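Below you'll find the structure, written out as structure tokens, and then a few comments.
The values are calculated or read from the model by the stated rules, or taken from the named source; none is laboratory data. What you see is a predicted model; the values in this text were computed from it and never measured. In this analysis, Cβ positions are derived from the backbone assuming ideal geometry, glycine residues included, and neighbour counts consider all displayed protein chains.
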Amino acid sequence: MIFGVRRRKPPLSKRQLSVPHSTLVEQLRRDVGALCAAGERNTFAAGSLAEAAALIERELSAAGYRVEQQTYRVESHGIEAANVIVELRGSERADQIVVIGAHYDSVIGTAGADDNASGVAAVLALARQFARAKPERTLRFVAFANEEPPHFQTRDMGSWQYAKRCHDRGERIAAMLSLETIGYYDARPGSQHYPAPLSALYPDTGDFIAFAANVTSRNLNARCVRAFRATTDFPVESASLPELIPGIGWSDQWSFWQFGWPAMMVTDTAPYRNPNYHEPGDVPSTLDYERMAQVVEGLAGVVEELTHTAG
């Protein structure tokens, strides 16, 4: 297990974001709002789900990418779902692939601002940042369909379909980061909660971002935490825990674990902090875009680290 100790130090970013911080804040606010504008996005609201995929594709195309949609049939609902994918081919180790992903669907009855328009907005921001990069490892940004129930931890998850396709093609996933609910923060003491027995190990104030992984992905988690801390002084906590601990496998990293690849989640811890989690109140106005932008800036350093072949 890896338990993070909060540290604060001056930023040492290897890669400066190509937009000012204030611009990034507004981009994140705009993208979250655009994704939430149509209401809930899921297989019960298939039109909105498709509209969200099209929006993501437009934004990635505007950033200069050639966009692929991986479509698959969701037999239980009689519809097609799509993952939206872009790639930057690696210059040194193209066979080693780093995936940065987030699910764009929302749970029934909510527009899902934190869960998970926030994660998708971060993926879009990072994709724009790295659009002209020349990574040593291959870098892919993926927006996944169908993470939420009733598809959660089934083969109808977009991430499971994508991970299986990678497996069937004989591809090697060197690292996968799932950006899952990264926009809600609360600086009041007592605002943060945990499943037992973690309450004695972590702070009770919900002003940090969490990096979470299973035990077999602990080296990836530790590397990402180091890179994040070297880039920003934003508070981060980390844990690499058995999958039976509630929350550890609650996103798209779970799909990559099924095929034996290192994967982890970046999260504001969702139900352990955000009272709007899976509720109609999960709307854009409840998010903290200033803190969210700081997290994205730190994640740029993580992506830079993971796509470099050293380590």
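Condition test on Q129, is it surrounded by fewer than 23 Cβ atoms within 10 Å (Cβ to Cβ), in contact with a helix residue (DSSP H, G or I) (Cβ under 8 Å, 6 or more places away or on another chain) and more than 29 Å from Y289 (Cα to Cα)?
no
When you go through N214, N219 one by one, which is the residue that is under 15 Å from L177 (Cα atoms), surrounded by fewer than 17 Cβ atoms within 10 Å (Cβ to Cβ) and modelled with pLDDT of 95 or more?
Details: N214 fails: surrounded by fewer than 17 Cβ atoms within 10 Å (Cβ to Cβ).
Just one listed residue meets the conditions, N219.
Tell me the residue from R140, R128, R218, R229 that is farther than 29 Å from R29 by Cβ and among the basic types (K, R), please.
Just a single option satisfies the conditions, and that option is R218.
Take the residues in the range 190-239 that are under 17 Å from the mean Cα position of the chain (by Cα) and polar (S, T, N, Q); name whichever of them is nearest to M292 (Cα to Cα).
Residue satisfying both the conditions and the ranking: S238.
Residue check: is S159 in a helix (DSSP H, G or I), of a type in the set (S, T, Y) and touching an Asp or Glu at 6+ places or on another chain (Cβ under 7 Å)?
Spelling it out, S159 is indeed in a helix (DSSP H, G or I), of a type in the set (S, T, Y) and touching an Asp or Glu at 6+ places or on another chain (Cβ under 7 Å).
Quick check on my filter: what residues within the range 90-108 are closer than 20 Å to L126 by Cα and touching a helix residue (DSSP H, G or I) at 6+ places or on another chain (Cβ under 9 Å)?
Of everything in the range 90-108, those that are closer than 20 Å to L126 by Cα and touching a helix residue (DSSP H, G or I) at 6+ places or on another chain (Cβ under 9 Å) turn out to be I97, V98, V99, I100, G101, A102, H103, Y104, D105.
What strands (runs of 3 or more DSSP E) completely inside the range 8-112 contain at least 1 residues that are of a type in the set (D, E) and surrounded by 13 or more Cβ atoms within 10 Å (Cβ to Cβ)? Let's see the steps before the verdict.
Values: elements: 68-74, 79-88, 93-103.
In the range 8-112, 68-74, 79-88 are the strands (runs of 3 or more DSSP E) which contain 1 or more residues that are of a type in the set (D, E) and surrounded by 13 or more Cβ atoms within 10 Å (Cβ to Cβ).
Out of curiosity, is R188 of a type outside the set (A, V, I, L, M, F, W, C), outside any loop (DSSP other than H, G, I, E, B) and surrounded by fewer than 22 Cβ atoms within 10 Å (Cβ to Cβ)? Give the derivation first.
On the way: of a type outside the set (A, V, I, L, M, F, W, C): yes; outside any loop (DSSP other than H, G, I, E, B): yes; surrounded by fewer than 22 Cβ atoms within 10 Å (Cβ to Cβ): yes.
So R188 fits the description; yes.
Among the candidates E237, E180, single out the residue that is charged (D, E, K, R), touching a His at 6+ places or on another chain (Cβ under 9 Å) and surrounded by 14 or more Cβ atoms within 10 Å (Cβ to Cβ).
Values: E237 fails: touching a His at 6+ places or on another chain (Cβ under 9 Å).
Unique residue meeting the criteria: E180.
Which residue out of W261, W254 is of a type in the set (F, W, Y) and part of a loop (DSSP other than H, G, I, E, B)?
Numbers: W254 fails: part of a loop (DSSP other than H, G, I, E, B).
W261 is the lone residue from the list that is of a type in the set (F, W, Y) and part of a loop (DSSP other than H, G, I, E, B).
Criterion first (in contact (Cβ under 8 Å) with a residue 40 or more places away in the chain and more than 16 Å from the chain's Cα centre (by Cα)) does V303 satisfy it?
On the way: in contact (Cβ under 8 Å) with a residue 40 or more places away in the chain: yes; more than 16 Å from the chain's Cα centre (by Cα): no.
So V303 fails the test.
Could you please give the count of residues in the range 195-217 that are touching a residue at least 24 places away in the same chain (Cβ under 8 Å) and part of a loop (DSSP other than H, G, I, E, B)?
Of the residues in that region, 7 qualify.
Can you tell me which residue in the range 269-293 is nearest to V99 (Cα to Cα), limited to those that are at pLDDT 95 or above and of a type in the set (G, A, S)?
If we take residues in the range 269-293 being at pLDDT 95 or above and of a type in the set (G, A, S), then A293 is nearest to V99 (Cα to Cα).
Give me the pairs: first residue in the range 108-120 and touching a residue at least 24 places away in the same chain (Cβ under 8 Å), second residue in a helix (DSSP H, G or I) and charged (D, E, K, R), beta-carbon distance under 9 Å, and six or more apart or on different chains, which are they?
A117/D31; V120/D31
Can you find even one residue in the range 245-268 that is modelled with pLDDT of 95 or more and more than 23 Å from Y162 (Cα to Cα)?
yes
When both residues are 6+ apart or on different chains and their Cβ atoms are under 6 Å apart, which pairs have a first residue that lies in the range 270-281 and is farther than 16 Å from G109 by Cβ, and a second that is surrounded by fewer than 18 Cβ atoms within 10 Å (Cβ to Cβ)?
Correct list of pairs: Y272/H193.
Do you know which residues across the range 218-246 are part of a loop (DSSP other than H, G, I, E, B) and in contact with a strand residue (DSSP E or B) (Cβ under 7 Å, 6 or more places away or on another chain)?
Within the range 218-246, the first condition is being part of a loop (DSSP other than H, G, I, E, B), and the residues that meet it are 232-235, 241-246.
Within the range 218-246, F234 is the sole residue that qualifies.
Starting from residues that are in contact with a Ser or Thr (Cβ under 9 Å, 6 or more places away or on another chain) and among the charged types (D, E, K, R), keep the ones in the range 156-170 and report whichever is farthest from E51 (Cα to Cα). Let's see the steps before the verdict.
Kept after step one, since they are in contact with a Ser or Thr (Cβ under 9 Å, 6 or more places away or on another chain), are these residues of the range 156-170: 156-164.
Right, trim to among the charged types (D, E, K, R) and you get 156, 164.
On the way: D156: 19, K164: 25 Å.
The extreme case among them is K164.
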